[in-house]
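A short reminder: the numbers here are calculations on the coordinates, not readings from a lab. Here the structure is a predicted model, which is why all the values come from computation and not from measurement. Note that we place each Cβ from the backbone using ideal geometry, even for glycine, and neighbour counts take in every protein chain shown.
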Amino acid sequence: MRLKSALALATASIAAFAGLGVSAQAVPAAPPAAQVRSIGGETSSTGYSYSVQEYLEFTIDELDQDWSEWFRQNGYSTPIVGYVIVEPGQPFQSRCTDEGGQPLLVTHNEPNAFYCSADPVVIDGVTHYGMIILPVTTMQQMWVGNVANKRSQIPGDFAAGIVVAHEFAHHIVDELGAATGVRPTGKNNELIADCMAGVWMRAADERGLLTDTDLQEASAALVAVADPHEGGGHGTAAERLAALRLGYAGNAQYAAATPAACFAAYGR
Ligand SMILES: [Zn+2]
């Protein structure tokens, strides 16, 4: 993904200051260091001018802007969700439970990303619910093709991008479900998140944020973490790819990338 707006400005000024001569829009080919931030015009030792934290924050910000705009245009109140980037030594205690029923304590390298609808976020004294939980080391490893300890065939930054979009989409589906009474069940809960991530991906693409390989990186990442067989909780590779593509490209009934297509396919 191309990092634009505030980050692109920072990148441009860093490039000019350091005399590196790199394009402000160029997306480097190696992962940014999880813990190295660029400060005061210095680039990190990896050659990145931004950190993985900045990439994740940029992506969340774009998702927030796009979904807020869509909600506004469609007469819904602005969606509000919290997020946490889990750093080493600072595990996040969620109110959700793990697969064993224990309280979910997320560490920086927990091999997954999460959305928990029970975790509170307080904004202007008002408590809202819904938290996106992104373990920073796990997210960083997605650049080089390690997607939650599964191997992606097409490594790249947008493996992380689509995972963030998927977790964000869980919250969007929650809020639309609360407003409309339509609530997906079972694996449709996951497939609709893939589909809605595809809807956002299309919006990002149309604004020039995506590179040529991002759709393949996203597809490969979802394939890597798909269920190996029918009957799993997330959908098979074919099902996850179909969901992403429905969101991204629509179908005969829904020509445009739209949440309506996702809810028609998975809203039950
Ligand atoms: Zn999910």
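General remarks:
- Note on the stretch 81-188: dipole from Cβ charges, positive end direction compared against G82, T138, P184; the farthest Cα belongs to P184.
- When both the stretch 201-221 and the stretch 121-184 are represented by their alpha-carbon centers, they are found 16 Å apart.
- Rg/Rh ratio calculated on Cα atoms of the stretch 131-268 (Kirkwood radius): 0.95
- Multiplying the residue separation of T185 and T78 by 0.36 nm and removing their Cα-Cα distance gives an extension gain of 36.1 nm.
- Long-range Cα-Cα pairs in the stretch 214-268 (distance over 16 Å), rounded percent: 45
- Model label zone, A178; criterion: amide N under 18 Å from point 7 Å along Cα-to-beta-carbon; scope the stretch 62-100: 64-65, 67-84, 95-96
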